[in-house]
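Reviewing the structure listed below.
The values are calculated or read from the model by the stated rules, or taken from the named source; none is laboratory data. Owing to the predicted nature of the structure, the values given are computational and were not obtained by experimental measurement. Quick reminder, even Gly has a Cβ in these numbers, built from the backbone with ideal geometry, and neighbours come from all protein chains shown.
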Amino acid sequence: MRDMAVARRLLGLARPWRGWMGLAVLVACATVLASVALMGIAGWFIAAMGIAGVTTGMMNYFLPAVGIRFFAIVRTGGRYGERLLSHEATFRLLAGLRLWLFRRLIPLSPGQLQSRRGGDLAGSLQADVDTLQHAYLRLASPIAVALMCGVAIVLVVAALHPPTALALAVLLIVAGGIVPTWARRAAAAPGAEAVASRAALRVATVDLLQGLTDLRAAGAVERQLAAIDGLGERLVDSQCRASTAGVVAEAAVGLSAGLALWCAALLASASVAVGGLLPEVAPALVPALALAALAAFEAVAPLPAAMERWGEVRAAARRIFDLADRTPAIVAGPDLSPTPQDASVVFSSVRLRYAPGSPPALDGLDLAIPDGRHLAILGPSGAGKSSLGRLLVRFWDYEGEIRLGGHDLRRYRPEDLRRLVGIATQDAQLFNGSVRDNLLMAAPEADATALEKVLDVVQLAEFVRGLPDGLDTWIGEAGARRSAGQARRLVLARALLRDPRILILDEPTENLDAGTARLLIASLRAATEGRTVILITHDPRAAAQFTDQIVHMESGRIS
Ligand code: ADP
């Protein structure tokens, strides 16, 4: 996407907040113009007082004094108001953008988000959206202010003294157009590098925090820390290079402002000498024009630093647009969700590849599971068992046909499918919250009896009763304060609580001792009587205890 297209799209996204933005720009313009007027009048006033002192001694000093006071108040109040308004506008906008991006992500299947790692994805929602604040606060709004004020100041000066206006216009274009464009070019590459380094740093830090135990066990903490150090240095280096361009540009703007002052002073003095300026105010107009010309650069001063950020803003915007523009791979069919005739599932010649060139995870799978049947799928690791479950809840798309309740699976609306099919996956998460929160997120209306019942089924009732606050015990950061087997069973309880007609249980006995595994399978079997249940396991004993309908799976098909 080209620069203009990115800028246009960013402005388009801000449309709902244009009222706030417009108000902030108007107040900022009033502040700059007040500042220029203040300097101009002050210059004129001091010079005129001096001239009156050495000549007639007569002058009306009341009006200019009122003007000076008025513009000083407008400038101070305007600065405060502008900050308040522009920050209010930007924060509202950022909150809106975050929600917009989040809403775009929701319909994407886990498969589509797999290419962006957890830390990186969270980064787009947080840091990248934060970076966009520069687009509005430091770019769009200052550019609008510079254009409006620049034109207004040059026109007023032109009415008083055209040669000064011409010199001022040229120098304003240099400081507000040429210098920022150069700054943007010089900072573009380091800016993009900074965004990439920051994203990599975030991923590495999340990896370090989440995998600290494993890294420590493997003696790899130092290596990971060194990698983080390296990324940090790269980030600082690219930020330094981007800032150097900014400093040079700032100096160039300062130089232009100084030149404008001198040009105005010399050109106006020359005109006074040849009588080209209004005779009655002429000499005092020289410092007025010179100081106003100097103050005019307040309008363009923020531009180089702002443009220097453009590389960073563009990279962040591109990452966000890349996420937001993914069309959901899995969408419901054109008609309404069908009503399932029963709870049967039929796979016919189903094929699944996780990535275009990779070997198939499911390779022509044929399997029919009648309504109410308990079926166990046995097979070695990597056989494709979990993949089969993921297809039924439409985490990934597939080739071939799956019929659920007599209808094509693709015709069901995702929300109807979630009610119909429950899954307890191996990688399901427990969230920061109490045991109750973690269970209720699947079925918010479930009462205490229902919770007790499912905890009983998964053999956790006693464990939860023994916790300090029972169901209200916090299970900590990423659900850390419990064993892997307990976490797996809480996930199982969550799936049972929804009471779906079709249930997929992925390795429920993993990490359990033989005795608990036996008890769990027996109670699961009793609790799911009449439902269609697919038990995925590599444990032949668990499979045999659960049902006598066992199929074997290998290399992506039933063997
Ligand atoms: P099982 O449950 O029998 O152990 P899986 O269904 O998990 O087998 O995996 C089948 C194959 O698909 C394996 O080769 C595995 O590496 C691959 N696979 C599983 N999940 C993914 C994924 N999210 N992305 C890419 N490949 C995957």
Inset, instruction - Give the range 150-163 a look and list any residue that's crowded, with 19+ Cβ neighbours inside 10 Å and farther than 19 Å from VAL253 by Cβ, or say none. - result: HIS161
Inset, instruction - Give the range 502-518 a look and list any residue that's away from the ligand (no atom under 16 Å from the Cβ), surrounded by 14 or more Cβ atoms within 10 Å (Cβ to Cβ) and more than 20 Å from ARG390 (Cβ to Cβ), or say none. - result: LEU512, THR516, ALA517, ARG518
Inset, instruction - Collect the residues in the range 408-427 that are at pLDDT below 90, buried (at least 16 other Cβ atoms within 10 Å of the Cβ) and within 15 Å of the ligand (Cβ to nearest atom), keeping them in residue-number order. - result: THR425
Inset, instruction - Would you tally the residues in the range 526-538 being surrounded by 15 or more Cβ atoms within 10 Å (Cβ to Cβ) and either within 26 Å of SER349 (Cβ to Cβ) or among the acidic types (Asp, Glu) (or both)? - result: 7
Legend entry - All positions within the range 68-119 that are buried (at least 18 other Cβ atoms within 10 Å of the Cβ) and acidic (Asp, Glu): GLU82
Legend entry - Subset of the range 376-407 that is away from the ligand (no atom under 15 Å from the Cβ) and of a type in the set (Gly, Ala, Ser) - its residue that is surrounded by the most Cβ atoms within 10 Å (Cβ to Cβ): GLY405
Inset, instruction - Run down SER523, SER555 and say which single residue is within 16 Å of the ligand (Cβ to nearest atom) and surrounded by fewer than 19 Cβ atoms within 10 Å (Cβ to Cβ). - result: SER555
Legend entry - Matching option when the condition is assigned to a helix (DSSP H, G or I) and in the same structural domain as ALA484 (by TED's automatic domain parsing), among LEU467, LEU471: LEU471
Legend entry - Contacts under 6 angstrom Cβ, first residue in the range 345-368 being within 12 Å of the ligand (Cβ to nearest atom), partner at pLDDT 90 or above and among the polar types (S, T, N, Q), 6 or more apart: LEU352/SER387; ALA361/SER387; LEU362/SER387
Inset, instruction - Could you give me the residue pairs with C-beta distances under 9 Å whose first residue belongs to the range 405-431 and is within 30 Å of GLN210 (Cα to Cα), whose second residue is among the hydrophobic types (A, V, I, L, M, F, W, C) and exposed (fewer than 14 other Cβ atoms within 10 Å of the Cβ) wherever it lies, and which are 6+ apart or on separate chains? - result: GLN429/ALA478; LEU430/ALA478; LEU430/ALA480; PHE431/MET441; PHE431/ALA478
Inset, instruction - Restricting attention to the range 82-106, report how many residues are part of a helix (DSSP H, G or I), of a type in the set (A, V, I, L, M) and farther than 14 Å from PRO16 by Cβ. - result: 4
Inset, instruction - Give the residues of the range 539-552 that are surrounded by fewer than 17 Cβ atoms within 10 Å (Cβ to Cβ), within 16 Å of the ligand (Cβ to nearest atom) and not in a strand (DSSP E or B), sorted by residue number. - result: PRO540
Legend entry - Residue under evaluation ASP322, criteria (1) within 39 Å of the chain's Cα centre (by Cα); (2) assigned to a loop (DSSP other than H, G, I, E, B); (3) among the charged types (D, E, K, R), criterion not met: (2)
Inset, instruction - Only residues that are at pLDDT below 90 and surrounded by fewer than 20 Cβ atoms within 10 Å (Cβ to Cβ): list them for the range 164-197, please. - result: ARG185, ALA189, ALA192, ALA196
Legend entry - Residues that are within 12 Å of PRO380 (Cα to Cα) and either part of a helix (DSSP H, G or I) or touching a helix residue (DSSP H, G or I) at 6+ places or on another chain (Cβ under 6 Å) (or both), drawn from the range 527-538: ILE536, THR537
